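Structure record follows, encoded as structure tokens.
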Amino acid sequence: MSQAETSVQSASFLGRAQQWVTQSLTQENQISAYLEPLIQMAVPGWTTDSIRSRVLQVRAETNDVYTLVIRPGKRWKSFTAGQHLQITAEQNGSLQTRFFSISSAPAYFKKTGLIEMSIRVQEGGRVTPWLREAFAAGGICTLSPAEGEFVLPAGNQPLLMVAGGSGITPFRSMLSQMAASGDKRDAHLLFYVRDEANALFKDEFERIAAEHDNIRITFMNSAKKGVFSAEHLQQECPDFAERKVMICGPTPMIQLVRTVVAEQGVSADNIMFEYFGAAPIELDRGDAKDAYVNFEKGGVAAMSSADQPVSLLELAEQNGLKPLAGCRVGVCHQCKCTKKSGVVLNTLTGQYSDTGKEDIQLCISVAVNDVVLDV
């Protein structure tokens, strides 16, 4: 046996021995998982997989949109333009977690050590208004690593970006990064806003466009021009068929843009999108049937309607259960549980599960036939 093979075997043995000792003493696979609740007694919000960070400023953008300027902790790695992360903060003794896109560029983080998240206050929301007030004078939060696949595609194919409302945030990150890095691909942003007062980052976008010939920004005032249409597409970006189409915004807008560009001949491979909120539930109406859902631990059984499908998380809550949940859009994985049997549809990926035992996320899963859950 070679020296390298001996070293690998020794490392593997030591790893197994360390895990055995940890499990024997703490009933956990990692000592950090055992210590986490003890540390949280002194440092609320501390977690093993999130990083303590400091909010330095809350900057108003419009009446209902603000930006958090954050200095991530030293263990936080960088990100790719367009990605999102989870922010967690303590509210009256309980932890509140939400996910938001990073609206600043990686180049800005490299230069300053700061990131920005631009957030719209949700009407009737519990967390988005509170974050603005809670961090008005700064404060401590925790951040998850950045994640997400809605990023600038590889290669030099020209881009058509279509944004609505606060769905502009990943595009701000992308366009700012393109400008900072000297990316020369052609990019045209169609930004649909309610009115001029809600044209987020208008001065910044106009400056970027003025300084970079390959970047074009078109503000579309919905109050005057209406919603996205084939006419808008032909008038504002007649070479759209040559471009990768990227869409982010409210669910109805994304569905509309996807439909229009597909009808205009853009292939599915050339359409990228990210829902700014929960993805719509789209079942194959020909196969959809009412389903019996058994929440075993809760001792509750419920019917999932094929005509008005809801996520398994919503179904559980409608029937008096309170499973752990966070973001409610498939990002934080707090609502992960074990499906013992039955088929569910993952509304985020559009994929159907197998019939057997597997882990699923309640917030993005819909029952397709009778399902048994370890909830």
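The values are calculated or read from the model by the stated rules, or taken from the named source; none is laboratory data. Just so we're clear, the structure is a prediction, and the values are computed from it rather than from any experiment. Every residue, glycine as well, gets a Cβ built from its backbone with ideal geometry; the counts of neighbours run over all protein chains shown. When the accessible area is computed, the model is the full protein with side chains, heavy atoms only, and any ligands, DNA or RNA have been set aside. Shrake-Rupley method; radii C 1.70, N 1.55, O 1.52, S 1.80 Å.
Observations, loosely collected:
- Remark on V300: its backbone amide H falls under 5 Å from those of F295, a criterion applied only to residues 5 or more positions apart or on other chains, H modelled at 1.01 Å from N.
- Prolate/oblate/rounded label for the range 137-263 (Cα gyration tensor, a/c 1.5): rounded
- Separation of alpha-carbon centers, the range 152-166 and the range 336-360, rounded to whole Å: 31
- Between the range 78-102 and the range 181-253, the C-alpha centres lie 27 angstrom from each other.
- Accessible-area order (highest first, 1.4 angstrom probe) of the listed residues K111, K289: K111, K289
- Sequence-distant aspartates and glutamates (8 or more away, or on other chains) whose Cα lies within less than 18 Å of K322: E296, E314, D374
- Eligible lysines near K225 by straight Cα distance, threshold 20 Å, same-chain separation 8 or greater: K202
- Cut-off under 5 Å, modelled amide H: who pairs with M161 long-range: H188, L189, L190, M246
- Measuring between alpha carbons in the structure, the pairs from K74/K110; K110/K244; K297/K339; K297/K357; K297/K340 lying more than 21 angstrom apart are K110/K244.
- Sparse-neighbour loop sites [GluC sites (Glu not before Pro); the range 91-141; at most 13 other C-beta within 10 Å; DSSP]: E123
- For the range 198-207, putting each phi into the Karplus relation 6.51 cos²θ - 1.76 cosθ + 1.60 with θ = phi - 60° gives couplings of 10, 7, 4, 6, 4, 4, 5, 5, 5, 5 Hz, in residue order, rounded to whole numbers and with x for Gly and Pro.
- With all protein chains modelled, accessible area of M178 [1.4 Å, Å²]: 0
- In Å, descending, principal axis extents of the Cα set of the range 287-364: 30, 28, 24
- Rolling a 1.4 Å probe over the protein heavy atoms gives the range 235-375 an accessible area of 50 Å² per residue.
- Here V245 sits with roughly 0 square angstrom of accessible surface, probe radius 1.4 Å.
- Net charge of neighbours whose Cβ lies under 14 Å from the Cβ of F205, counting Lys and Arg as +1 and Asp and Glu as -1: -2
- Residue ranking by accessible heavy-atom surface, 1.4 Å probe, largest first, among V127, V372 comes out as V372, V127.
- Taking all protein chains together and a 1.4 Å probe, the residues W130, W76 rank W130, W76 from largest to smallest accessible area.
- The range 292-375: trypsin sites (Lys or Arg not before Pro) falling in loop per DSSP and having at most 16 other Cβ within 10 Å: K297, K357
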